[in-house]
1. Determine if the range 48-57 includes at least one residue that is closer than 23 Å to HIS319 by Cβ, touching a helix residue (DSSP H, G or I) at 6+ places or on another chain (Cβ under 6 Å) and surrounded by 13 or more Cβ atoms within 10 Å (Cβ to Cβ).
2. So GLU72 ticks every box in (1) assigned to a loop (DSSP other than H, G, I, E, B); (2) surrounded by 20 or more Cβ atoms within 10 Å (Cβ to Cβ) but one. Which box is left unticked?
3. Pick from ILE207, ILE173: which is of a type in the set (A, V, I, L, M, F, W, C) and within 22 Å of the chain's Cα centre (by Cα)?
4. Restricting attention to the range 138-158, and to residues there that are among the polar types (S, T, N, Q) and in contact (Cβ under 8 Å) with a residue 24 or more places away in the chain, which single residue is nearest to CYS122 (Cα to Cα)?
5. Taking CYS20 as meeting all but one of (1) more than 21 Å from the chain's Cα centre (by Cα); (2) farther than 26 Å from PRO97 by Cα; (3) at pLDDT below 95, write down the number of the exception.
6. Scan the range 52-63 and give yes if some residue there is more than 11 Å from GLY126 (Cα to Cα), within 19 Å of the chain's Cα centre (by Cα) and not in a helix (DSSP H, G or I), otherwise no.
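The values are calculated or read from the model by the stated rules, or taken from the named source; none is laboratory data. Keep in mind that this is a model prediction, so the values were computed, not measured. Methodologically, a virtual Cβ is constructed for each residue, glycine included, from the backbone with ideal geometry; neighbour enumeration extends over all protein chains shown.
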Amino acid sequence: MAVRSDRTTLPLLRHGTAFCGLPFVPLREVPPTAAGVVMGAGHSLGAPHSGTENGPQFLRTLSKAHTWSAAEPAVIDLAGGRPLLSDVYDVGDIELPRDDLARALELIERAVAALPDGVAPCVIGGDHTVTLPVVRALLSRSSAPIWVVQLDNHLDLQLWGEDPDRSDGREAIFHTNVMSHVSDLVGPGRLLQLGVNPFATAEATSIDSALAYLRRVGRQVGVTDPALTDAAALSELAGRGRDIYLTVDVDVLDWQSMSATGYPAEVGLTVTQLLRVIDIVLAGNRLLGCDIVEFSADTADRTPKTLADGGRAVTILLHLLRHLRGGGAA
């Protein structure tokens, strides 16, 4: 069951480097008129490798590239001809435990649930389990359906075992099955997975069940699928007038564009392709919230490639922010 936060149950948040110079506000003081907030949720408790806990630190620090030359920086959206972040705030990074995934997800959910209705959470992860508590919190404040759009090289669906189309519950959440948990929340047919590897593995004895499950959760569009580069086809898949939560696993990019992640993609999207897909998906739809996850690097890593990868992740998040309140264009 989703939890609604009150003033006595708010998680602790720490303030370090503001994303792109955004003003920090306490979680309980976010203006109800805000378009959205940036929130860090860095942990690697749902993955077999460390490094994703450093995502907020890297993206916050590297976002300074957009603001270093101004005393009071304001990022301009050249395509929209307007200030990009005028009604967006930064609430800081949630203080998460180092050894308790369930508790970490609970704290993320409480932080998002504490936001005023209509304010979009824009979350910097963290491994991909971050998505589940954010979606759960959004569902707790609305009875309207939510569609989830996932940009990822991996399905993160629980296809293993003899009955992937199971109805008797899920295995414990991990970054490899998080979208099964998310799909269970939002309901059948409301998960659109874009840019995924065109091949998936299941037990030979459970192929029919696996295929039935894939059809039930929604639609999978592989990185080589012509629909991914056909604006009309992609727009039809995304629909119109929907409330959408969009999650970006950075490994949807090809390894040359993004190697600072646990499982770089041999075949993936370019940054330009990814940003265009986001534009098409969100045209005519409302962005309820978003996350960018699975950026992974050691805190001491200063190699040019890692820093460039982080800069690309910053650009993706900025591009998502321009779609708050329908500000983007297809």
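1. No; the residues of the range 48-57 include none that is closer than 23 Å to HIS319 by Cβ, touching a helix residue (DSSP H, G or I) at 6+ places or on another chain (Cβ under 6 Å) and surrounded by 13 or more Cβ atoms within 10 Å (Cβ to Cβ).
2. (2)
3. Working: ILE207 fails: within 22 Å of the chain's Cα centre (by Cα).
Just one listed residue meets the conditions, ILE173.
4. The qualifying residue nearest to CYS122 (Cα to Cα) is GLN150.
5. (1)
6. Checked against the condition, which is being more than 11 Å from GLY126 (Cα to Cα), within 19 Å of the chain's Cα centre (by Cα) and not in a helix (DSSP H, G or I), the range 52-63 yields no hits at all.
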